[in-house]
Amino acid sequence: MQSPVSLKHILLYCNLSPDKINLSTLKGEGQLTNLELDEEVLQNMLDLPTWLAINKVFCNKATIRIPWTKLKAHPITLTLDKVIMEMSTCDEPRPPNGPSPIATASGQSEYGFAEKVVEGISLSVNSIVIRISAKAFNASFELSQLQVYSVNTSWATSDLRYTRILDPTRGEILTFKEVSWQMIRIEADAIQNTEHEVVSAPIRLITNQSKIRVSLKRRMKDCNVIASKLILILDDLLWVLTDSQLKAMVQYAKSLSEAMEKSAAQRKSMAPDTTQVTPAPPSAQQVRTQQASATADQSASMARLFNAYDVRETSHHLQIKHLDLHICDDTIDKDRGINKRLDGGAVQLSFSSISVDYYPYHKAGETCMHWMHYGEATKSRETWAHSLLDEFKSNLEMLKNAMACGRSPPWPTAAGVWRQVPLWCAFEVPHKHMAVVCADVDCYAVLKVSTADQSRSSPQSMISCNKKILYLPQEMPAIHAEFTEYYFPDGKDYPIPCPNLYVQLNALQLVLDSRSLVWLNLFALDLRQSLEQFMELYKLNDSQKPDEHVDIRVDGLMLKVVLSYIDLNFSVQTSEMVATNTRHSSGCTRSSLEALLQAFQEQHFFTSLSSSFPRSQNSFSVLHSVFQRHAHEQDTRIHDVYRGLAPPSLSTNALKTPAATDLWAVHFSQFWVDYEGSRSGRGRPTPCVDSFPLTLWACNPARYTQLHERLRAGIGSGLLPRSESAEIASRLQRKKLLKEYYSTDASPSNTPSNGLHKPHSLDGLFSGSSSSLSLASSSSSSEVDLQVLVHVQKHLSAQVSHGQYVFLLRLQNAVKSLQRSLQQDLEQYGSKRQGPTQPFSACVGVLMKSAEVTLLLKPIPQPDLNTSPLDSDVSPSESRATLEAGSEVSEGHERPSAAGEGIQNVDQLLCAGTHAINASPLLPSPSPALRKASVDERSSVVSGGRYLCIKYLYYVNLQVSVLVLKIHSVCCSLDLKGDDTAFALEVGRIRPNQLGNVSLQQHLSNHSLGSGSGSDPSTVLLNPEVQVRLESGPGAAVHSPLAEQNGFLQCRLQAFSADFLMASLRNLGLFLEDDSASQVLPMEITIKDTHVNLKDDGPRDNASEPKATPIAVHIHNLLIHRQDDGSFSIGGGYSCSLLPVFLFLLLPPLLNYNCSL
């Protein structure tokens, strides 16, 4: 008696001869030996990707048990002893997989009893060995105790009748399977041959028990699979990799990337069109099932159960409970002669609750609520993606209008509205699909790099998540990322949107540790160099597409960057951040850019000729034409079509823009800077810069110009539309006139009489040709690589004490040393494939309407300490915490304090020698002995020299002298070109406000209550009072030989008027003092038409003495020049014989000032 239910389907997978079959049909048992399975059938059943092919499958023994009397409830058991599978990769995709073997065996019949029995078969394999041969490596996978069995909706083994859900009205059925194994061992090693040697370490990975859960939805009419869900669940993973093993992994992945991309393109072109899938009409069996239903309620409950577990679309998922990855150096680098700056480094990466979801056939524009990990992050991405699709649809309609007309459509009207053109033909719009990859990480931590010479201590995080500290919801992922790519199922040549990437970062904290940054930089450079050698060895093509535009948006919530030095942290934080190259986010739209450009153009500093001081003839133009074109939509494909610069077509890439035209916007809703104490310190963070909104715009003009040069060379000079520069200027003119007409606050004296002037960045644009492809008269080699505009719209308030000022100087020197180390490593181990390149250049423009800097100085000597000018007007902005004060301890004795007993001692005093600052090119950490020393021990260390001392305390009666500098209309630019650096600053007006001695606690209370800038932010100051230019690098050598290394400072002070207390000027000199060996900074200071009133507020011997008369100093023209040897030369005209007194008070701050770029 032969079983038509079992053997008919099982024999499909085998190539058998009669001597290999041993059956006992009455007992329901059978045994097969030395089986060779059919490769093609297995490929179809497993649905392998077309870049992978099965060459041979062998099984030594197979045993089958058939429960004849219980086939409805119990499965057929198939046990295999050892299976060996040989596979190979394909350089070109093989033919696609055929239909499912179950559907083939059933003859496309209805899902009946035989199909239920076969689908419920339970499979057990003792050992599976899979060998894969690739072009550059060989790999093997060994699985032990593999089991495949049917489960119910709770993923537990049960009666087979509960492992499926049938919905007769739909004609569909759901089945559930689970695959589990005890252990998997993965090995990969490079192929060695006589032609070339590959220095590669073998890769090994052993995982513990894992499982795969599979949900299938079939159509009962023909047994075809409509959709499936596959979930791979891995438990805790611990993987230790050396750097050579990680290099090998990257190399192997690179060797497979080209074949995998070709296979993916083939899969997308043959993807099923889900829009055409409709429920099949009920068959005779379904009708009988419906008639046999007891009640209609039972059918409704079955439908609800089916909907609860329905598989709406095909998806693949990966879940990892915890992953610990250790990457460390090995000894192979020394054998290769690589001398790293740090030897024996290791870094640990920990991730919790990792999930990766892949939806290959999702229909564009449809809801994602049924996705496995649908949440608030997916909602945000969905809203943003819908905005992108709406913009694409609008552009597509305009493109179809151009196609219908067969010519360039007319220009927009003066009101900016496009004139509609009737269509003469109808365009059929196919339905788009999209492949989406989602990744979520619940928590993560990247520890600082540890080295062999480092002392043993508890590990500290370099990158971590602060969800618990900030009390954020636990269900909120720390990292969420979604990548979407659009395509048509049948490969239609029709416009599709650009791919998009959405990333959400929550509670990210980044600690910039120098040791870790140096090690990671060397590691990345070595990895890149190894990959380039590998690609040259195997003649692999670089499949990356750098010119392909991807819509990107990065959202950040409560982000924090920390710069550590000794035991003090300098933290930069933001509440919400958006970084995107699209124009569908608040603060990042084209209108926002246009308003920003309008604000910049109102300042003479940005629109004047580049040769006027403080800028020079070699300065880059801050307002580049790329910003202008983008703000007015002059850089889109639709614009090129409507201008006649590109032929209208409905091809796949018709509406895609190159990445060279990307313009990034970064918007911070609240941005602030704090000082933070040591890890064991007490007290809250100390504010440095109060919170304010910040907006940045960045572009790459060099790439933009190169792109248009290529387009111009390809198109030629046949197309000559009207001048675009005139059009932009005309549009700006109209908008400016409308703004002036409807504005009630505009002042005629602050605006040009003829409206908006043409910005300098547009001068010479498209000169000699009216084509929009001509950007500027200069070539791409003279364009800047990075152009950034920074706009601070609201009042900015900062405060600093002497200790904080000295700390910032130390931190600046340490960052410069770190930068030099990274640059040296980049030059030594950088890429050699690109050959000589142009030096990197950048231009940064900053506009700030008003600012306020509070200096906490040493207390002014007072005859009576009980009085203090607390009734003074203080107008800084909001604050969140207490301030930090600093003190200095001089060698052998403490500096006497004029405040006497009114100044309280601190609870904690952290001191670090200045001699340690320049001991290493890195940012050094204090020694363990110093870190663990008590206050008394540190005091003994202080007695040996002068040290930087920083205090942490809630101040009660601490007296400080407060000097507030109110600054209005701040414009500055930073030009970088190779080793040359030029910083230009222009301040419209600066006014000092001296509050005298104030109780710090009360001052902080008043500070937290103050608000407002105290000036009209719309006021435009045409004659700046302060102009500063600081240069360094080879270009500064024209001023003096020492300027190349130390820099050269130029300062012009004109039409300045202020009142100063002599004690405040003396305290300012003490404030700028630095214990480190000061470097000579050559400088040239010009003072013109300046009025300064000096008031002597020093203590008097006799209280009955009259107050000293203020000294009025009027300087018509004064020139102060500092030579390379540190000497000063003074000349010019003045109207007061007491000018030497003023210079005596002014020169100490200049001597103590130590600033460099």
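The alpha-carbon positions of the stretch 451-579 define a convex hull whose volume is 203 Å³ per residue.
What FRET efficiency comes out for residue 475 versus residue 316 if R0 is 22 angstrom and r is the Cβ-Cβ distance? Round to the nearest 0.05.
Details: r = 23 Å, r/R0 = 1.04.
So, using R0 = 22 Å, E works out to roughly 0.45.
Subtracting the Cα-Cα distance of residue 512 and residue 1089 from 0.36 nm times their residue separation leaves 203.1 nm of extension gain. Net length available on complete extension from residue 618 to residue 816 is 68.8 nm, with 0.36 nm assigned per residue and the Cα-Cα distance removed. I want to make sure I understand the PRE zone here: with the label point 7 angstrom from the Cα of residue 468 toward its beta carbon, which residues in the stretch 440-460 have backbone N atoms less than 16 Å away? Within reach of a label on residue 468, which here means backbone N under 16 Å from a point 7 Å along Cα→Cβ, the stretch 440-460 contributes 442-447, 459-460. For the stretch 170-268, the share of alpha carbon pairs falling in successive 10 Å distance bins from zero is 12, 24, 31, 21, 10, 3, 0 percent. At full extension, residue 47 and residue 68 could sit 4.5 nm farther apart than now, given 0.36 nm per residue minus the alpha carbon distance. Surface listing: 305, 985 arranged by accessible area from highest to lowest gives 305, 985, probe 1.4 Å.
If R0 is 22 Å, the Cβ-Cβ spacing of residue 55 and residue 538 corresponds to a FRET efficiency of close to 0.50. Between residue 232 and residue 991, the FRET efficiency estimated from the beta carbon spacing at R0 = 45 angstrom works out to 0.10. All C-alpha pair distances within the stretch 514-633, sorted into 5 Å bins from zero, spread as 2, 7, 9, 10, 11, 13, 15, 16, 11, 4, 1, 0 percent across the bins.
The values are calculated or read from the model by the stated rules, or taken from the named source; none is laboratory data. Because the structure is predicted, anything quoted here is derived from the model rather than measured. Glycine also receives a Cβ, built like all others from the backbone with ideal geometry; neighbour counts cover every protein chain displayed. Accessible surface areas use protein heavy atoms only, side chains included; no ligands, DNA or RNA. Shrake-Rupley method; radii C 1.70, N 1.55, O 1.52, S 1.80 Å.
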